[in-house]
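Derivation of every value follows stated rules applied to the coordinates shown; laboratory data play no part. In this text the structure is predicted, and so the values were computed from the model without any measurement. Cβ sites come from the backbone with ideal geometry, for glycine too, and all protein chains shown count toward neighbours.
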DNA sequence: AAAAATCTAACGAACGTTCGATAGATTTGC
DNA sequence: GCAAATCTATCGAACGTTCGTTAGATTTTT
């Protein structure tokens, strides 16, 4: 179960691990394990619409369908992805695909719900360990970067396809975005109250932090080309943010 | 001609004006004027394909077509925009539209070329006024924000549709992006050499600056809701970046 | 009236979706 | 234990619709 990955793994001596509570490799394991649970939930939630009875088969193909959808959509856009494209990528016929969703719209809704739940599940598990504002800020930045790295196709998709969602789904996506921003704003407000952080507009600062985090998963190929790892980017982002926020700016 | 807007306009006493050389209102005038020239260039460049003889008519309708394309595409994506959508928005029939471009692909290419040239024209006019690194950095940030504000539909479009371009057009878009980043990296390198800026990775820093600038035109509705003006955001962005870059961090 | 600009109607291709057919696995009847 | 009967998952052809695009008719301008 998901908890297996959270145990402290010996042999990895990076200071980063201590800060965030787990290394990125651990984090990837956690996501892989949580995804299985999320798929089972998705299947249960859409049992009425999914015509395939065998759970193992259904989950295997749902997984294929979702990952193929992300792959194709991130190349040409969800709207431009045809059912025939999806058929070719999954190895299932167009007819068989419709045993798993009632239409392209529902496929989009299912995917959104599944991945959003997965993100929230992992976030809630991993945030709020520290009471010290500085440590909380560092952990929040690192966790978000790890998460977006481990689920990059989804984060990219979610950003680029936001405008194509139905209004109810778009509202959920927007409020999820603002929630992330509020997490950072809260950390900043608490740190300011206790005198650890300078007096800066918390919402504007949180917005810029989020912009920095988003750049990581939106420009992935650029960072790959320049051989910037997620840990290096995290260190840099934390230094950048702390130079603006922390009192005694020489501390870094 | 474009130069008219660059004269110092009395009566606007914002300190911002002094920093950037011109206020945002001046900047909008400049863009409007430059756009006319750019449209004439576009028409000349595609004279062979555009079947409408009268220049005034052609320019009026090209302008309509481009702005309608940006409007519709920014709502549903260029791929999803149909020629019938464009016909309804411009008031021209589908047949008439094909007197202005040979196909949807060419419309995209024309739009890309026209707006990219417009951006470059204005950037080259407005950057490189100061020799002091601090002032150069401030000006570059503010100019980019003003430009992306005055041409927000295009900047948003350019970002969201990048993946749908032909490979040659995509290369132009990418290199234009990297060029922007190089401008900031150069300013940082010079400032570090002369001891005004701290020793930080120039490329990573430039990347984060660009992410902060992009957030302005990608999340416009958020900032509108929170009543954050482009000048306020520019001040904040400059303070954020300088806290990380400038030596003597108390100067802000 | 000639030229220019636009409009109308239509084309084939590709789209999302449906549906009858089918091979293989599973259950039933004896 | 083995046919017969049923179920499961999948297939691919076909439907109606919408797409980009075009040719010819019509209106507007000069």
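Calculated mean residue ellipticity, 222 nm, the protein assembly as shown: -23000 deg cm²/dmol, from DSSP H runs (n ≥ 4) at -39500 (n - 2.57) each, averaged per residue and rounded to 500.
Considering only A:162, A:237, A:140, the Gaussian network model of chain A with Cα springs below 10 Å gives its largest mean-square fluctuation to A:162.
Counting other Cβ atoms within 10 Å as a rough exposure proxy, the listed residues A:146, B:100 run B:100, A:146 from fewest neighbours to most. What whole-number distance in Å separates the alpha-carbon centres of region A:20-95 and region A:99-156? Using only Cα atoms to place each centre, the spacing works out to 15 Å. Cβ crowding within 10 Å, taken as a proxy for footprinting-reagent exposure, orders B:53, A:171 from fewest neighbours to most as B:53, A:171. Our summary gives chain B a relative contact order of 18 percent, counting only alpha carbon pairs under 8 angstrom and 6 or more residues apart. Between helix A:104-126 and chain A there is an angle of about 30 degrees, using the helix long axis and the longest principal axis of the Cα atoms. At q = 0.11, 0.13, 0.14, 0.17 Å⁻¹, what log₁₀ I(q)/I(0) does a Debye calculation on the Cα points of region B:97-224 give, no solvent, two decimals? Rounded to two decimals, the profile gives -0.45, -0.61, -0.69, -0.95.
For peptide A:210-222, the mean count of partner chain Cβ atoms within 10 Å of a residue's Cβ comes to 4.
The share of C-alpha pairs in region B:24-245 whose separation exceeds 26 Å stands at 42 percent. Plainly put, region B:80-149 has a radius of gyration that is 1.24 times its Kirkwood radius, both from alpha-carbon atoms, as the Rg/Rh ratio. Against chain A, whose longest principal axis comes from its Cα atoms, helix A:167-193 is set at around 20 degrees.
Orientation-averaged projection of the protein assembly as shown equals 26.8 nm² [convex hull of Cα atoms, one quarter of hull surface area].
In terms of overall dimensions, region A:12-156 has a Cα radius of gyration and Dmax of 17.6, 55 angstrom.
Going by neighbour counts of Cβ atoms within 10 Å, the residues B:26, B:105, A:235 line up, fewest first, as B:105, A:235, B:26.
Here the Gaussian network model covers chain B, with springs between Cα atoms less than 10 Å apart; of B:87, B:23, B:175, B:175 fluctuates the most. Between copies, the label points of residue A:96, set 7 Å from Cα on the Cα→Cβ line, lie 5.1 nm apart, reported in increasing order to one decimal in nanometres. Relative contact order, whole percent, for region A:112-252 stands at 28, derived from Cα pairs under 8 Å and 6 or more residues apart. Short to long, the 5 Å bins of the Cα pair-distance histogram for region A:23-63 hold 5, 22, 29, 15, 11, 9, 5, 2, 0 percent of all pairs.
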